[in-house]
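Visitor: Got a structure for you, written out below as structure tokens; questions coming shortly.
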Amino acid sequence: MNVRTLVLCLFWPCAASAQGFAGLGTDAEGFAVPQPAPQFDFPADHAAHPDYRIEWWYLTANLTGPDGTPYGLQWTLFRSALAPQAGDGWTAPQLWMGHAAVTTPEDHYVTERLARGGIGQAGAAEDEAWIDNWRLAGDWTGAMTLQADAEDFAYRLDMDATGPLVFQGEGGYSVKSAAGQASYYYSQPFLEVAGELMIAGESIPVTGTAWIDREWSSQPLAEDQTGWDWFSLSFDTGDKMMGFLLRQTDGTAYTHGDRHA
């Protein structure tokens, strides 16, 4: 069986310690904390949750050019809170980072953006997540678009959802450690894609599939966890599977996986 594999490997800048990016393993005092048996509210929950410390909109795609060349694509928007409120202007405690990449059989193109919340430079609403002119927009169970650009590459994709949102863990409550750290987590893994890549000045029409992960929390790692490896699998049968491995300081790992038909 052929398996199209989307590998989501998130290595934070301070991965040697669970205190890394956004204090993923620190005390969540003052911030909201995910609770079991969540009741999601769509489309409102596609927007930002500023009372939680860390949140992301994470898209990966497997694409093919007209000559059969394979391409990989990634687009991510991260929100990190210094304090559990939204706010306006330059004093708003919300920080944003965008990351975009394209891979070819020979090269890896990558770029990123940084922004402050409260001034309109970045944010997320029910039907759109953005940083500067980068956009993920549309209906999560219908038509969506994606765009990003850099000096040496750009892309614009049109996407159509052919299946429902799926909830990871226990109904969207995703436990990350034996100590009970958790996040709210759902995905849209049923996206059919058509669009255009621009690489080194060349326009390349592409088609393929994409997967979006949505996750937010205030303490998704335990103090003895140092980082993780993420895998999202799309099988030829149409089944989907998500699995992760969270590395621990004693050399063991906390693992979990979910399958969706």
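Just so you know, all these numbers are worked out from the coordinates, no wet-lab data involved. Treat the numbers as computed from the prediction; the structure is a model and nothing was measured. When we count neighbours, we look across all protein chains shown, and the Cβ atoms used for this are built from the backbone with ideal geometry, even at glycine.
Visitor: What list do you get for I199, I131 if you sort them by fewest beta carbons within 10 Å?
Guide: Listing I199, I131 from fewest to most nearby Cβ atoms yields I199, I131.
Visitor: In whole Hz, what ³J(HN,Hα) sequence does region 30-45 give by Karplus (6.51, -1.76, 1.60; θ = phi - 60°), x for Gly and Pro?
Guide: Along region 30-45, the couplings run x, 9, 5, 10, x, 10, x, 6, x, 10, 6, 10, 9, x, 4, 6 Hz.
Visitor: Using the Cα centre of the chain as the reference point, and only Cβ charges (+1 on K/R, -1 on D/E), how large is the resulting charge dipole? Debye, rounded to the nearest 20. Walk me through the numbers on the way to the answer.
Guide: Values: 12 positive and 34 negative charges, 80 e Å.
That gives the chain a dipole magnitude of about 380 debye.
Visitor: Output the relative contact order of the chain, whole-number percent, from Cα pairs under 8 angstrom with separation of 6+ residues.
Guide: Values: 700 pairs, mean separation 57.7, N = 261.
Computed over the chain, the figure is 22 percent.
Visitor: Follow-up question, since we're still on this one. With θ set to phi - 60°, apply the Karplus curve 6.51 cos²θ - 1.76 cosθ + 1.60 along region 132-140 and write out the HN-Hα couplings as whole Hz, x wherever there is a Gly or Pro.
Guide: 6, 9, 6, 9, 10, 9, x, 9, 5
Visitor: Can you sort K176, K240 so the residue with the fewest Cβ neighbours within 10 Å comes first?
Guide: Going from least to most buried by this count: K240, K176.
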